[in-house]
Structure formats: C-alpha cells, structure tokens
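Note sheet for the following structure.
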Amino acid sequence: MIKGLISKYRQFYKFLLSGGIAAFANFGSRFFYSEFVNFGLAVVLAYLTGMLVAFILFRLFVFKKSIQPIKKSILYFIMVNIIALIQVYIISIGLADYIFPYIKFNFYPEAVAHAIGISVPTFVSFIGHKRFSFREENA
C-alpha cells in the first residue's frame with residue numbers, strides 16, 4: 001500500500017523536495033537582501049531568487065515530460081508565481097508587522113513570518129505548474 005502511494009504521488013514528492021530546496025534559497029537569501037533593503041523588498045527579491053532555483057529544478061527533475069515550449073513555460077511559471085508571491089508577501093508582512101506585534105511574538109518575527117509565508121502557496125503552485133507551466137501531453 002505504501003509503495004503504491006509513493007508511486008502515485010512521486011511527482012508531488014519530487015515537487016516538494018525541489019520546492020523545499022527553492023524555499024531554502026528563498027528563505028536564506030532574504031537575510032542577505034535584508035542587509036541592504038527593507039523587509040518587504042527583501043521578501044520580494046528573495047522570492048525571485050527562489051523562483052529561479054525552482055524553475056530549474058522543476059524543469060529538470062519534476063516535470064520532465066513537459067511538452068510546453070520553454071518560453072511558454074517561463075511565461076506561465078511567472079504568472080503562477082505572481083499569484084504565489086502576492087500570498088507570500090501579504091502573509092509575511094501581515095504576520096511580521098501586524099499579527100506578531102499584536103500578540104507580542106518576538107522570537108525572530110520576520111524570519112518566522114517569512115517561513116510561514118513561503119509555505120502557504122505549495123498546493124496551489126503545484127497544480128498551477130502541473131497544468132500550465134509544465135503541461136504534459138495527457139494533462
């Protein structure tokens with residue numbers, strides 16, 4: 001049974017692993033960007049860094065059977081990620097600037113807010129990339 005589930009969801013597991021690496025690049029680069037710009041802009045720049053890593057990993061390892069031309073993949077990838085970026089930004093800023101101060105949460109509030117923000121769009125992004133960015137012939 002477990003082997004069957006792994007086989008059935010193999011692509012999603014690869015997506016989670018690749019997305020996790022991209023999220024790590026996103027999260028880690030935000031600390032670098034925060035040395036030079038405000039938190040909100042650092043979140044956006046870090047997101048773009050993670051997007052680049054994600055596109056490469058998804059194209060090479062997750063959606064290998066994609067029939068989508070590269071230019072179209074890039075266009076759809078950007079569109080799906082704009083939606084995700086809006087979610088990440090609203091959640092990260094909302095938590096760091098409003099919710100955490102209100103509840104007096106002060107344990108690395110920006111880092112925690114950003115980590116939570118990054119994780120939110122996972123399932124929607126997978127569906128968007130599978131159906132649009134890296135569409136396969138039978139999808």
At 1.4 Å probe size, with every protein chain present, just tell me what the per residue accessible area of the stretch 1-83 comes to in Å². 63 Å²
Looking at the stretch 103-132, which chymotrypsin sites (Phe, Trp or Tyr not before Pro) are DSSP coil and have at most 16 other C-beta atoms within 10 Å of their C-beta? Phe105, Phe107
Note the count of lysine pairs whose C-alpha atoms are less than 24 angstrom apart in the chain, limited to pairs 8 or more residues apart or on different chains. 17
Inter-probe distance in nm under a simple model that places probes 7 Å from Cα toward Cβ, at Leu16 and Lys71: 3.7 nm
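Could you please report the charge total around Ala22, scoring K, R as +1 and D, E as -1 over all other residues with beta-carbon less than 15 angstrom from its beta-carbon?
On the way: positive: Lys14, Arg30, Arg59; negative: none.
Spelling it out: positives minus negatives among the neighbours equals +3.
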What percentage of the solvent-accessible surface of the stretch 14-66, computed with a 1.4 Å probe over protein heavy atoms, is contributed by carbon and sulfur atoms? 76 percent
Summing -39500 (n - 2.57) over every DSSP H run of at least 4 in the chain, dividing by its residue total and rounding to the nearest 500, the 222 nm mean residue ellipticity is -22500 deg cm²/dmol
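Report the trypsin sites (Lys or Arg not before Pro) located in the stretch 7-100 that are in a DSSP loop and have at most 12 other Cβ atoms inside 10 Å of their Cβ, or state none. Walk me through the intermediate numbers first.
On the way: sites: Lys8, Arg10, Lys14, Arg30, Arg59, Lys64, Lys65, Lys71, Lys72; in loops: Lys64, Lys65.
Loop-located and lightly packed - Lys64, Lys65.
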Computed magnitude of the charge dipole of the chain (debye, nearest 20; Cβ of K, R +1, Cβ of D, E -1): 800 debye
How high is the relative contact order of the chain, in percent, with contacts defined as C-alpha pairs under 8 Å that are six or more residues apart? 29 percent
Provide the FRET efficiency to the nearest 0.05 for the Phe107-Leu52 pair, computing r from the beta carbons and using R0 = 25 Å. 0.25
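Where does the charge balance sit around Asn38 when Lys and Arg score +1, Asp and Glu -1, over other residues with C-beta under 14 Å from its C-beta? Walk me through the numbers on the way to the answer.
On the way: positive: Arg30; negative: Glu35, Asp97, Glu110.
Local net charge: -2.
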Quick one: if the Förster radius is 30 Å, what FRET efficiency do Phe24 and Ile86 give, using the C-beta to C-beta distance and rounding to 0.05? 0.90
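The values are calculated or read from the model by the stated rules, or taken from the named source; none is laboratory data. Quick caveat: nothing in here was measured; it's all calculated off a predicted structure. For neighbour counting, all protein chains shown are included, and Cβ atoms are generated from backbone atoms with ideal geometry for every residue, glycine included. The area values use the complete protein model at the heavy-atom level, side chains included, leaving out ligands, DNA and RNA. Shrake-Rupley method; radii C 1.70, N 1.55, O 1.52, S 1.80 Å.
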